[in-house]
Amino acid sequence: MSDAIEIRCLQTIGERELQGLSDVLIDCVEGGASVSFMLPMTRAKAEAFWRNTGASVARGERIVLAAEDASGTIVGTAQVILAQPENQPHRGDLAKMLVHRRARRRGIGAALLVAAERSALDAGKTLLVLDTASDDAERLYARQGWQRCGVIPNYALLPDGRPCATTYFFKSLRD
Ligand SMILES: CC(C)(COP(=O)(O)OP(=O)(O)OC[C@H]1O[C@@H](n2cnc3c(N)ncnc32)[C@H](O)[C@@H]1OP(=O)(O)O)[C@@H](O)C(=O)NCCC(=O)NCCS
C-alpha cells in the first residue's frame, strides 16, 4: 500500500468527513456495489446515511474507519458494528467496506480490513461476521483468513434493480 495512506478511527463525523465519506459511498453505489442503496444515488441519501452513522458512533454502537490520502481526502472506509444482542457481546459485524474506484487495487481495502479487525479486538470483540455481494471483496476476505460460510441466493438488489446473492463470512479474532 502507498505510504501516503493513513487509516483513522473517526470519533465524530464532522462536515469535512461527511462530504468525503459521501463521495466514497456515492462512487461505490454508482459503480454497482450492493451496499444498501439503489440508483439514483443522491447526495441527500448519502449525507443522511453518514449523519445517522455519526450519531451511532457517538452512542458507542459502531467504529468507523476512514482511509485518507496525503492531502487528507477520504478514499475509503469500513465499519465495525459493536451493538449486538446481549447474548452476543463478543460478536461484531463488519460493514460498509468501501474504497473509491480511483483508489482501488493499492492495498487500501486490505489495510482497512486489518485496522477494522484490530479495532474490533481492542473493543473486546473476538468474532466478526460479514456478508458481501462483491467478488473483489470475497477475495480480500479470504486472503485475510476469513472463513466462507455459504451463499444466500436472491438476497438483495444491485443498485440497478437486478437481484443478487450474498455470501457470508466469519473470522475468529482469537486465532
Ligand atoms: C472490495 C473493495 C473494498 C476492495 O478495495 P481495494 O482497496 O481495491 O482492495 P485491495 O487493494 O486491498 O485489493 C484489491 C486487489 O488489488 C491487489 N493489489 C493490492 N495492492 C496492489 C498493488 N500495489 N499493485 C497491484 N495490485 C494490488 C490485491 O492483491 C487485490 O487483488 P485481487 O483483485 O486479485 O483480489 C473495493 O473493491 C470496493 O470498494 N468495492 C465496492 C464496494 C463493495 O462491494 N464493498 C464490499 C462490501 S462487503
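The values are calculated or read from the model by the stated rules, or taken from the named source; none is laboratory data. Remember, predicted model here, so these are calculated numbers, not experimental data. Virtual Cβ from ideal backbone geometry, glycine too; neighbours counted across all protein chains shown. Heavy atoms of the whole protein, side chains included, go into the accessibility calculation; ligands, DNA and RNA do not. Shrake-Rupley method; radii C 1.70, N 1.55, O 1.52, S 1.80 Å.
The selection criterion, being under 28 Å from ARG8 (Cβ atoms), modelled with pLDDT of 95 or more, more than 13 Å from the chain's Cα centre (by Cα) and surrounded by fewer than 18 Cβ atoms within 10 Å (Cβ to Cβ), holds for GLY145. Within segment 119-144, residues that are in contact (Cβ under 8 Å) with a residue 24 or more places away in the chain and away from the ligand (no atom under 11 Å from the Cβ) reach partners that are part of a helix (DSSP H, G or I) and of a type outside the set (D, E, K, R) with beta carbons closer than 7 Å, at six or more positions or on different chains, in the pairs LEU128/ALA120.
Matching residues to (1) touching a residue at least 40 places away in the same chain (Cβ under 8 Å); (2) over 22 Å from LEU130 (Cβ atoms):
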site	(1), (2)
LEU25	yes, no
GLY32	yes, no
LEU39	yes, yes
PHE49	no, no
THR53	yes, no
ILE63	yes, no
ASP69	yes, yes
ALA83	no, no
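Of the residues making up segment 147-164, those that are among the hydrophobic types (A, V, I, L, M, F, W, C) and either within 11 Å of the ligand (Cβ to nearest atom) or assigned to a helix (DSSP H, G or I) (or both) are LEU158, CYS164.
Within segment 124-141, being within 15 Å of PHE170 (Cβ to Cβ), polar (S, T, N, Q) and open to solvent by 20 Å² or more (accessible area, probe 1.4 Å) holds for one residue alone: THR126. If I ask for residues that are under 14 Å from the mean Cα position of the chain (by Cα), away from the ligand (no atom under 11 Å from the Cβ) and not β-branched (Val, Ile, Thr), which ones from segment 76-115 would you list? Once the filter is applied, which keeps residues that are under 14 Å from the mean Cα position of the chain (by Cα), away from the ligand (no atom under 11 Å from the Cβ) and not β-branched (Val, Ile, Thr), segment 76-115 yields LEU82, GLY92, ALA115.
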